[in-house]
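Only one structure is covered here, and it is reproduced in the block below.
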Amino acid sequence: MGQPNPVAVLDKAVAILRAVADEPASLAELVVRTELPRATAHRLATALEAHRLLRRTSAGTWA
């Protein structure tokens with residue numbers, strides 16, 4: 001098993017960012033908006049949050 005395609009990972013991260021560009025999204029909403037598997041959406045959103053590209057709202061959604 002090889003390494004994940006770095007461009008594909010970037011494409012998925014950008015999809016997450018676009019999904020929250022207009023309004024915050026819960027994990028379930030990220031899955032619907034991006035069509036990514038739940039685990040992938042969560043892993044990427046958490047990583048983007050760690051890099052301060054996303055933040056959690058007081059309601060627990062990502063923005």
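Out of 52, 56, 38, I need the residue that is among the basic types (Lys, Arg), open to solvent by 90 Å² or more (accessible area, probe 1.4 Å) and closer than 15 Å to residue 12 by Cα. Which one?
38
It is to be established whether one or more residues within region 3-19 are in a loop (DSSP other than H, G, I, E, B), surrounded by 13 or more Cβ atoms within 10 Å (Cβ to Cβ) and of a type outside the set (Val, Ile, Thr). Quick ask: steps written out before the conclusion?
To start, the set of residues in region 3-19 that are in a loop (DSSP other than H, G, I, E, B) comprises 3-5.
Next, only the ones that are surrounded by 13 or more Cβ atoms within 10 Å (Cβ to Cβ) stay: none.
Looking through region 3-19, none of the residues is in a loop (DSSP other than H, G, I, E, B), surrounded by 13 or more Cβ atoms within 10 Å (Cβ to Cβ) and of a type outside the set (Val, Ile, Thr).
The values are calculated or read from the model by the stated rules, or taken from the named source; none is laboratory data. Note that this is a predicted model, so its numbers are computed, not measured. Virtual Cβ from ideal backbone geometry, glycine too; neighbours counted across all protein chains shown. Quick note on the areas: whole protein, heavy atoms, side chains included, nothing else; ligands and nucleic acids left out. Shrake-Rupley method; radii C 1.70, N 1.55, O 1.52, S 1.80 Å.
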